[in-house]
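Before any comments, here is the structure.
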Amino acid sequence: MVVHSALSQWTVPPSRGIWMPSGHIHSIRCVGAIKMRSVFVRPDDCLGLPAEPKAVRVSALLSELIKVSVDFAPSFAVDSREDRVMRLILDELTILPTLPLNLPQPTDPAIRTICDALQRNPGDGSTLAHWSSRLGVDEKTIQRRFHRETAMTFGQWRQQSRLLLALERIAVGEKIIDVAGELGYDSPSAFTTMFKKQFGKTPSDFFR
């Protein structure tokens, strides 16, 4: 699934999750068939939990605890098995490792124009000079605004956008050779190298 908020979006592949603190307005777009479980935490139990949204790796233990908790009654006794399972879920939530699966969304009109175009056509290889000419904005100004709005360079943002889109397409069964070509990579091996550099695993290992 892809989760959108005002200033960012997160791609959440199988066996991963998203932590979304209370009060953050967001929407979810499902990519293919989705089976999802949600854990809702009372605000007074959120001490020690992240204050900002993030994509996370869900451990095997946490996954099993959530599955077990689905059948619990709404209320249960203190120090009962149910209570201990719920407390262990909270403990696991505090140590969720953050994954590099987010893509900042700029608000600057010129930068937003570039980002929207790259997401519509991820294979677009236009350079910063090309965008400078199209928008009538100096290259250095574009780069400076990119960093201010996204904490990334133009090249870093485009690469992240391509890789997150690749996750969507691979998740629904598209072949790596086709994905690599459509996203502007010279070869499947070049795509796999960049994928592993960013996510620490090859595409096949990532989804295993």
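Coordinate-derived values only; no laboratory data. Keep in mind that this is a model prediction, so the values were computed, not measured. Methodologically, a virtual Cβ is constructed for each residue, glycine included, from the backbone with ideal geometry; neighbour enumeration extends over all protein chains shown.
Are there trypsin sites (Lys or Arg not before Pro) in the stretch 1-106 that DSSP marks as loop and that have at most 14 other Cβ atoms within 10 Å, and which are they?
Passing sites in the stretch 1-106 are 35, 37.
Can you tell me the mean projection area, over all orientations, of the convex hull of the stretch 108-153's alpha carbons? Units nm², please.
2.9 nm²
Can you tell which of 98, 127, 150 shows the greatest fluctuation in a Gaussian network model of the chain with Cα springs below 10 Å?
Per the Cα network of the chain with a 10 Å cutoff, 127 tops the list.
Sort out for me the Cα centre separation of the stretch 146-198 from the stretch 8-73, rounded to whole Å.
One Cα centre to the other: 25 Å.
With charges set only on the Cβ (+1 for Lys and Arg, -1 for Asp and Glu), what does the dipole of the stretch 21-80 come to about its Cα centre, in debye to the nearest 20?
With only Lys, Arg, Asp and Glu charged at Cβ, the dipole is about 400 debye.
Only counting other Cβ atoms within 10 Å, I'd like 93, 135 sorted with the fewest neighbours first.
Ranking 93, 135 by Cβ neighbours within 10 Å, fewest first, gives 135, 93.
Take the alpha carbon gyration tensor of the stretch 2-93, find the square roots of its eigenvalues, order them as a ≥ b ≥ c, and report rounded if a/c is under 1.5; if not, report prolate when a/b exceeds b/c, else oblate.
Prolate shape, in that a/c is at least 1.5 and a/b is the bigger ratio.
Which percent of Cα-Cα pairs in the stretch 106-207 sits in each 5 Å bin, short to long?
P(r) over the stretch 106-207, rounded to whole percents: 2, 12, 23, 23, 15, 13, 9, 3, 0.
Say we join alpha carbon atoms closer than 10 Å with springs in a Gaussian network model of the chain; which of 23, 181, 32 then has the biggest fluctuation?
23
What number, in nm² with one decimal, is the all-direction average of the projected area of the convex hull of the alpha-carbon atoms of the chain?
Over every viewing direction, the Cα hull of the chain projects on average to 13.0 nm².
What is the helix-to-structure angle for 60-69, meaning the angle in degrees between its Cα long axis and the longest Cα principal axis of the chain, kept from 0 to 90 and rounded to the nearest 10?
On a 0 to 90 degree scale, this one is about 50.
Would you mind working out the magnitude of the charge dipole of the chain relative to its Cα centre, with +1 at each Lys and Arg C-beta and -1 at each Asp and Glu C-beta, to the nearest 20 Debye?
So the magnitude is around 360 debye.
Among 96, 49, 167, which one shows the highest mean-square fluctuation when the chain is modelled as a Gaussian network with alpha-carbon springs under 10 Å?
Taking springs between Cα atoms under 10 Å, the residue moving most is 49.
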